[in-house]
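These notes concern the structure reproduced below.
What follows draws every value from the coordinates through simple rules; no lab data is involved. Quick caveat: nothing in here was measured; it's all calculated off a predicted structure. Cβ: placed from backbone, ideal geometry, glycine included. Neighbour counts: every protein chain shown.
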Amino acid sequence: MSFYEALSRYKGITGAFGAMSADSVGKALFASVPCADDLAALLSSAASSRLEEMAARSHEITLRHFGRTIQLYTPLYLSNYCENRCAYCGFNSANKIPRKKLTLEEVEKEARFIGATGLKHILVLTGESRAMSPLSYIKESISILKKYFSSVSVEIYALNETEYRELISAGVDGLTIYQETYDEEVYDKVHPAGPKRDYRFRLDAPARGAAAGMRNVNIGTLLGLNDWRAEAFWLGLHAKYLQDRFPDVDIGVSLPRLKPHAGAFTPACEVGDKALAQVIMALRIFLPRAGISLSTREAPKLRENLIPLGITRMSAGSSTYVGGRTASIKSAGEEPQFEISDKRDVAEMMAVLEKRGYQPVLKDWF
Amino acid sequence: MDDILRMGGRDIENRLFIGTGKFSGYKVMKEALEASGADVVTVALRRVDSGSDTEDILKYIPEKCILVPNTSGARDAEEAVRIARLAKAAGCGNWVKIEIIRDNKYLLPDNLETVKATEILAKEDFIILPYMSPDLSMARRLVDAGAAAIMPLGSPIGSNRGIKTKELVEILINEIKLPIIVDAGLGVPSSACECMEMGCAAVLVNTAIAIAEDPVDMAKAFSAAVRAGRLAHLAGVPRSTSDGRPSSPLTGFLRDR
């Protein structure tokens, strides 16, 4: 059964968050195996006034399963050519920005630069253009990156299962793919053109990747496109569905919040820091062993304060430009996919983590 | 007291084995290892970065310790064998803790694949410590396959729930001639002590030490508990009863006149 069927049973959840009782929150906080109702309770307005209790529980669970460690990774943008018109994204094909794709020599140059920071986990990104960044190009880039990194994950356009297998053979071990929004109407609205319009093909992509043999599958919803409580609920269910169906795959979640970019898109729904914290904690309690990533979209202080509440992975030394690290590659007038808030490099992030009593983990794969 | 655990041609005095994940840093990990006096230390090969000066975990393991790389990340026998060979090639010695997990929710091991990997690696002269769900038939198969010890779990990794598998581990202690080393789930020193009182040859602890407010003192506490439990076992732990009993209610009539 596709997650689509499971999701359809909970389409009407949005109205429920205001109606949950304080008792249901109390029960959810200490459920030995939290169910979907417990997740709804943890995301409810009633739970919003019990964040300290949630934080204590979430912290305790995270400590037990992940210890005092944070795994660091960094994104590498290969190309910003894109056929989609995602309303919230700087690479939107309607945006008149310089387009660029790294040559293989440039991939190597960036890899060498990033490798020198000590990082061993890298996330490869491209816009969606099978013409400009075909699978063969991505695979060639990966074989270069494998010389420098233990773990290579991809965040690219949705593929079929055979294509995911090809990537795994090329050395990829992780797949990141965000549904952006689980609400089909909102999805249609913010994706007016391009192959990404196919909601169901994207929704089933994480399962195809897991079936193909990915070791890690990381999913996410772009907070700000829709009611955050509902989106976080559906995301939690999706992660749980994947965990149940693929018990040998590490399922993780990411919680990106909308940031300014070229094209000026106004978020439909404001997601404050308190809301973001509640989502992280609710998902941690619901999915005790799932990795939770926090990107450099968030401000430095907030990122640090969110660590003990359930975060297990953070990006560092990020650039959302194509070839953004080696200045000679960056083209004039180029726009990033989105603006980053935390501009600290890997060494600075490591120092911050150590100061906070956490071990930065640079290598956790072969 | 001369009470040495002999395994793989080595003499092991301290029966607390320590895992090295989840610590807040390598320095505090090293202090905890030193303070405990541990002789055996496990390390996930996936975390070893021998090319790095500061981030190489192996540099923080006391020299006297026997290094046991584990195969964390392996989903089947083939992957575990590959990781064990990688560890040997990387200079980590020939001890290996086989850890094969296809279940990321509870982190419970796959016994069948563990037996397969043990069979292969034993032929390559590895000293094999297989992590397993306590099961007598599987433990016997592991003995036949060439394991150096049997490592049943006390409760799921990181759960801190103690020795929930006590009855099954007791059966292993009674029936298996190899050292039985309880691995995983021991959240407090008294649980480690209990395992040793039961007759386990050693215990392996990681999470409870690594995430303690003071990992160094917690390591010392576990070490002391393991010693106490071992001593009690050797002294002969009396069977416990829940009620008082008259001395011979059934055979009193047989008393000599």
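Directionally averaged projected area (region B:158-255, Cα convex hull): 8.6 nm². Result for chain B in a Gaussian network model with C-alpha springs under 10 Å: among B:R46, B:R75, B:R230, the largest mean-square fluctuation is at B:R46.
Checking the a/c ratio against 1.5 first, then a/b against b/c, what shape does the Cα gyration tensor give for region B:1-98? Working shown, then result.
Working: a/c = 1.95, a/b = 1.19, b/c = 1.64.
Judged from the Cα gyration tensor, region B:1-98 comes out oblate (a/c at least 1.5, b/c at or above a/b).
Counting only cysteine Cβ atoms and a cutoff under 4.7 Å, chain B contains unmatched residues B:C65, B:C92, B:C193. For chain B, would you read off the P(r) tail past 24 Å as a percentage of all alpha carbon pairs? It works out to 47 percent of all Cα pairs. Taking every alpha-carbon pair under 8 Å whose residues sit at least 6 apart, region B:9-238 reaches a relative contact order of 20 percent. Per-residue shielding of A:356-364, expressed as the average number of other chain Cβ atoms within 10 Å of the residue Cβ, stands at 5.
By the Cβ distance rule of under 4.7 Å, chain A has these cysteines without a partner: A:C35, A:C82, A:C269. Going through region A:27-107, which chymotrypsin sites (Phe, Trp or Tyr not before Pro) have at most 14 other Cβ atoms within 10 Å and a DSSP loop state? The qualifying sites are A:F30.
The residues packed around A:L175, meaning those with a beta-carbon under 13 Å from its beta-carbon, carry a net charge of -3 if Lys and Arg are +1 and Asp and Glu are -1.
Let me make sure I get this right: for region A:30-152, a, b and c are the square roots of the gyration tensor eigenvalues over alpha carbons, sorted descending. Under 1.5 in a/c it's rounded, otherwise prolate if a/b > b/c, else oblate. Which is it? Note, shape of region A:30-152 comes out oblate. Full extension of the segment from A:A87 to A:A22, taken as 0.36 nm per residue of separation minus the current Cα-Cα distance, would add 19.6 nm. Considering only A:H65, A:H238, A:H191, the Gaussian network model of chain A with Cα springs below 10 Å gives its largest mean-square fluctuation to A:H65. Taking every DSSP beta bridge that has both ends in the protein assembly as shown, the antiparallel portion is near 10%.
Loop-resident trypsin sites (Lys or Arg not before Pro) (DSSP state other than H, G, I, E or B) in region B:121-160 with no more than 16 further Cβ atoms inside 10 Å of their Cβ: B:K123. For the protein assembly as shown, the Kirkwood hydrodynamic radius comes to 26.0 Å, computed from all pairs of different C-alpha atoms.
Residues whose amide H lies under 5 Å from that of B:I127, counting only those 5 or more places away or on a different chain, are B:W95, B:V96; hydrogens are built 1.01 Å from N in the peptide plane. Evaluate the Debye formula for region B:1-56 with equal point scatterers sitting on the alpha carbons, no solvent, and hand back log10 of I(q)/I(0) at q = 0.20, 0.22, 0.30 Å⁻¹, in q order, two decimals. Each listed q corresponds, in turn, to -0.84, -0.94, -1.24.
The local environment of A:N218, defined by Cβ-Cβ distances under 9 Å, has a net charge of -1 under the rule Lys, Arg +1 and Asp, Glu -1.
Reducing region A:208-276 and region B:184-257 to their Cα centroids gives an inter-centroid distance of 47 Å. Which residue, B:G162, B:G187, B:G73, has the most motion in a Gaussian network model of chain B that connects Cα atoms within less than 10 Å? Of the options given, B:G73 has the highest mean-square fluctuation. Spin-label pair A:V33-A:N95: with each label point 7 Å from Cα along the Cα-Cβ axis, the two points sit 4.5 nm from one another.
Of all beta bridges that DSSP places with both ends in region B:9-238, some 5 percent have antiparallel geometry.
Roughly how crowded by other chains is peptide A:61-69, in terms of the mean Cβ count from those chains within 10 Å of each of its Cβ atoms?
On the way: counts 1, 1, 5, 9, 7, 5, 9, 8, 8.
Taking all residues of A:61-69 together, the mean is 6.
How much length is gained if the chain between A:C269 and A:R9 is pulled fully straight, taking 0.36 nm per residue apart and subtracting their Cα-Cα distance, in nm to one decimal? Present the calculation step by step, with values, prior to reporting the outcome.
Numbers: separation 260, 0.36 × 260 = 93.60 nm, distance 2.36 nm.
So the chain would gain 91.2 nm between A:C269 and A:R9.
Helix B:215-235 and the longest principal axis of the C-alpha atoms of chain B enclose an angle of approximately 40°.
Looking at chain B, which longest stretch skips every one of the GluC sites (Glu not before Pro) that is in a DSSP loop with at most 14 other Cβ atoms within 10 Å, leaving the sites themselves out?
Numbers: sites that count: B:E13, B:E63, B:E124, B:E213.
For GluC sites (Glu not before Pro) (loop position, at most 14 other Cβ atoms within 10 Å), the longest site-free span of chain B is B:125-212.
With respect to chain B, whose longest principal axis is taken over its alpha-carbon atoms, helix B:166-175 is tilted by about 90°. Dipole size of chain A about its Cα centre, with +1 on Lys/Arg Cβ and -1 on Asp/Glu Cβ: approximately 600 debye, rounded to the nearest 20. Using only Cα atoms, tell me the angle between helix B:26-36 and the longest principal axis of chain B; keep it within 0 to 90° and round to the nearest 10. Helix B:26-36 and the main axis of chain B meet at about 30 degrees. Remark: region B:9-238 carries a charge dipole of roughly 100 debye about the Cα centre, counting +1 on each Lys and Arg Cβ and -1 on each Asp and Glu Cβ. Fully extending the segment from B:D135 to B:K64 would add 22.3 nm, taking 0.36 nm per residue of separation and subtracting the current Cα-Cα distance. Counting only Cα atoms, the size of chain A along its three principal axes is 59, 45, 38 Å, in decreasing order. Along the Cα→Cβ direction, 7 angstrom out, place labels at A:A351 and B:K123. What is the inter-label distance in nm? My value for the distance between the label points is 5.4 nm. Applying both filters, DSSP loop and at most 15 other Cβ atoms within 10 Å, to the chymotrypsin sites (Phe, Trp or Tyr not before Pro) of region B:47-155 gives B:Y106. In region B:1-126, the DSSP beta bridges split such that about 30 percent are antiparallel, to the nearest 5.
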